[in-house]
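Below: the structure, in structure tokens.
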Amino acid sequence: MNWVTHYNYWIVILLMMLGFYTIIARGNLVKKIIGLNIFQTSVFVLFISMGKIPGGVAPILRDDPTTIYSNPLPHVLILTAIVVGVATTALGLALVVRINEAYGTIEEDEIHEQDRFF
Amino acid sequence: MIAHLPALQIVLPLIAAPLCVLLRTTRLVWLLAFAVTVASFGIAVELYSQVLQYGVISYAMGGWAPPIGIEYRVDQFNALMLILITAVATVVLLFARTSVAKEVDQRRQPLFWAAWLLCFTGLLGIVITGDAFNVFVFLEVSSLSTYALIACARDRRAITSAYQYLIMGTIGATFILIGIGLLYMLTGTLNMADLAARLPGVTESRTLKTAFVFIVVGCSLKLALFPLHLWMPNAYAYAPSAVTAFIAATATKVAIYVMLRFFFTIFGADFSFGAMPLGQVLMVLSVIAMFSGSLVAIYEQNVKRMLAYSSVAQIGYITLGISLATTTGLAAGMLHLFNHAMIKAALFMAMGAVVYRLGSCRLDQMAGLAKQMPWTMAAFVAGGLSLIGVPLTTGFVSKWYLVNAAFDAGWTIIPVAILGSSLLAVIYIWKVVETAYMRLPPADQKPVQEAPLALLIPLWIMVAANFFFGIQGNLLWQSVLQAARQLSGEI
């Protein structure tokens, strides 16, 4: 295992943990969504790293048969995952808007406080 | 036409969903949704009979041959799953028309049905596809629409539980995505059959083990395995009743399907249960789930929440069967998967009928309800008997095979645990029965009428299914056993 050349994976792990920590530790519903985004982004970076081949160029067909191409498939997969991520964020934020309308707050503990009397 | 049935299974509801948004008239939208669901049911039955006749169906989506293109692959197990999803959807949809009209805002209803069809599409897609990444895409299609469906209820707590489910569900789905990514890293393919062929060469790799763990945790979140079930009770309790009946019977079951597909088809039983300690971990968690779920259910005052906790326990039975790592254990778990879907659909529909009249399903408000709503409560009792596992009901059949499978695998303590957890089920079902049949209604409460026939007929169809498959216990068992043999590679 080469620690330095795999620095992209360390960044992935760091981002993943940061995002995860934000989801768990923050009580603000918007901040949780931001955490979720960071978490998902780390996975995007993981996939994109996979497609990179040392010395590889953008996968556009050239005449030279010795050309090494990067693998485009993980990039395409992650385009799909980004769309899913955008949809999740949009839906999450829409829910936060409605929570704010219904409770007048987006702090988790205050919402629990209000619901306790039902 | 016949050759394209696997594609039509997905495409029909997928196209109908945006049409719902365009039609805008609730009545027409419902009719469209119903027509599409019935057609899907027909396709699922036809696919199953084809699989029985000609063996596994492989369909190249868009004409791109697998493993490069996306493959739809129908074998006995997922053909049965398709029938389960479409059958439950058809019955619940009959029920939902009246129930949703009362529980969801009038102007949101066309959009509600669009989301419903998308959820339906997603569930079918997860089951039918033979491509690992496609599983993730359909998983998100169904999950995102489920969050929206839950948030459609009038109770404001529905929105917070939808939010909670969104956070947990997305983490689960992303874990599965990481697992799939790592598998792709190792093998360079996403096709399930191709993955299965290439993975045995790399069983010692740490990447493979990491991928396995990510997928197990992701699926466990989605199927609400103890201790990852925290999103479920609130989501089930506050969602519109029809949505609860639908997702309780299908969404968690489909997550179990995904898990089984990964364990057996992709990683292979030797790796999942041999190289990794899956059997032991799953067994311990299942037994804890069976007891903790039932115990919490006993103290629950909201009957929908009670049934949700009971689902945690019942999912424990299913995963317990799987954890035995024998073909009969797997088949018993799968049988309970189907039976539990029928049981919970019936029970949640009964509660939907109660909510339709009472506007709530809290125990204290249900006192003396059996006099006012005899048919609804009788259906609840019938479903409850099946949940407990009284002979002549489906619940009995699956517990019987589960106990047998446990003895065959050499476990004598497991049948005791199954019996103990069933006794706890007697307690919480009895609590509802006692309240509804033996207490007097609260003095300040206006008496209510029996639920309309539009709710009672689908409810009793589901109850009848419980008894039909209970009396004809061997019918489903034989199909499931064959499917289990095919899944574990015995034939």
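A short reminder: the numbers here are calculations on the coordinates, not readings from a lab. Just so it is clear, the model here is predicted, and its values are computed rather than measured. In this analysis, Cβ positions are derived from the backbone assuming ideal geometry, glycine residues included, and neighbour counts consider all displayed protein chains.
The table below lists the values:
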read-out: Neighbouring partner chain Cβ atoms per residue of A:88-97, average, 10 Å criterion; value: 5
read-out: Spatial separation of Cα centroids for the range B:468-491 and the range B:235-271, in angstrom; value: 19
read-out: Vicinal HN-Hα couplings computed from phi for the range B:295-306 (Karplus, 6.51 cos²θ - 1.76 cosθ + 1.60; Hz; Gly/Pro x); value: 5, 5, 4, 4, 8, 7, 9, 8, 5, 5, 5, 4
read-out: Span from the the range B:54-91 Cα centroid across to the the range B:430-453 one, whole angstrom; value: 45
read-out: For chain B, alpha-carbon Rg over 2.2 N^0.38 Å; value: 0.92
read-out: For B:THR376, net neighbour charge (Lys/Arg +1, Asp/Glu -1) across residues whose Cβ lies under 13 Å away; value: +1
read-out: Stokes-Einstein D in µm²/s, Kirkwood radius over Cα pairs - the range B:181-268 at 4 °C with 1.567 mPa s viscosity; value: 90
read-out: Residue mean of other protein chain beta carbons inside 10 Å, A:40-51; value: 3
read-out: Relative packing of B:416-427, B:6-17, which averages over residues the other C-beta atoms within 10 Å, highest first; value: B:6-17, B:416-427
read-out: Cut-off under 5 Å, modelled amide H: who pairs with A:TYR69 long-range; value: A:VAL57
read-out: Viscosity 0.890 mPa s, 25 °C: Kirkwood-radius Stokes-Einstein D of the range B:323-406 over Cα pairs, µm²/s; value: 175
read-out: Exposure proxy order (Cβ contacts within 10 Å, fewest to most) of B:LEU337, B:LEU476; value: B:LEU476, B:LEU337
read-out: Size-normalised alpha-carbon gyration radius of the range B:338-491, reference 2.2 N^0.38 Å; value: 1.21
read-out: Degrees separating the helix B:157-187 axis from the principal Cα axis of chain B, which is the longest one; value: 10
read-out: Mean ellipticity per residue at 222 nm, deg cm²/dmol - from DSSP H runs of n ≥ 4 across chain B, formula -39500 (n - 2.57); value: -25500 deg cm²/dmol
read-out: Longest exposed-site-free window of chain B, the sites being chymotrypsin sites (Phe, Trp or Tyr not before Pro) in a DSSP loop that have at most 13 other C-beta atoms within 10 Å; value: B:65-298
read-out: Rg(Cα)/(2.2 N^0.38 Å) for the range B:377-419, N = residue count; value: 1.32
read-out: Sparse-neighbourhood loop sites, trypsin sites (Lys or Arg not before Pro) in the range B:144-238 - DSSP loop, at most 14 other Cβ within 10 angstrom; value: B:ARG154
read-out: Mean shadow area of the range B:109-236 over all directions, Cα convex hull, nm²; value: 8.1
read-out: Under 5 Å, built H, 5+ apart or other chain: amide partners of B:ASP131; value: B:GLU71, B:MET192
read-out: Angstrom value of the Kirkwood radius, inverse mean 1/r, which spans all Cα pairs in chain A; value: 17.0
read-out: Shape category assigned to the range B:1-276 from the gyration tensor of Cα positions, a/c cut at 1.5; value: oblate
read-out: Neighbouring partner chain Cβ atoms per residue of B:140-146, average, 10 Å criterion; value: 3
read-out: Estimated dipole of chain B in Debye, rounded to 20 [Cβ of Lys and Arg +1, of Asp and Glu -1, Cα centre]; value: 1160
read-out: CD proxy at 222 nm, helix term only [per DSSP H run n ≥ 4: -39500 (n - 2.57); per residue of chain A; nearest 500]; value: -23500 deg cm²/dmol
read-out: Coordinate range along principal axes, alpha carbons of the range B:239-368, Å, largest first; value: 54, 24, 21
read-out: With at most 16 other Cβ atoms within 10 Å, longest stretch of chain A clear of loop trypsin sites (Lys or Arg not before Pro) (DSSP); value: A:63-115
read-out: Value of Rg to Rh for the protein assembly as shown (Rh from inverse mean 1/r over Cα pairs, i.e. Kirkwood); value: 0.96
read-out: Lysine pairs within chain B, Cα separation less than 14 Å, 8 or more sequence positions apart or different chains; value: 5
read-out: Kirkwood Rh and Cα Rg combined as Rg/Rh, the range B:53-95; value: 1.16
read-out: Estimated D of the range B:443-491 in µm² per second, where Rh is the Kirkwood radius over Cα pairs and Stokes-Einstein applies at 10 °C, 1.306 mPa s; value: 111
read-out: The range A:1-75 versus the range B:330-360: alpha-carbon centroid distance in Å; value: 42
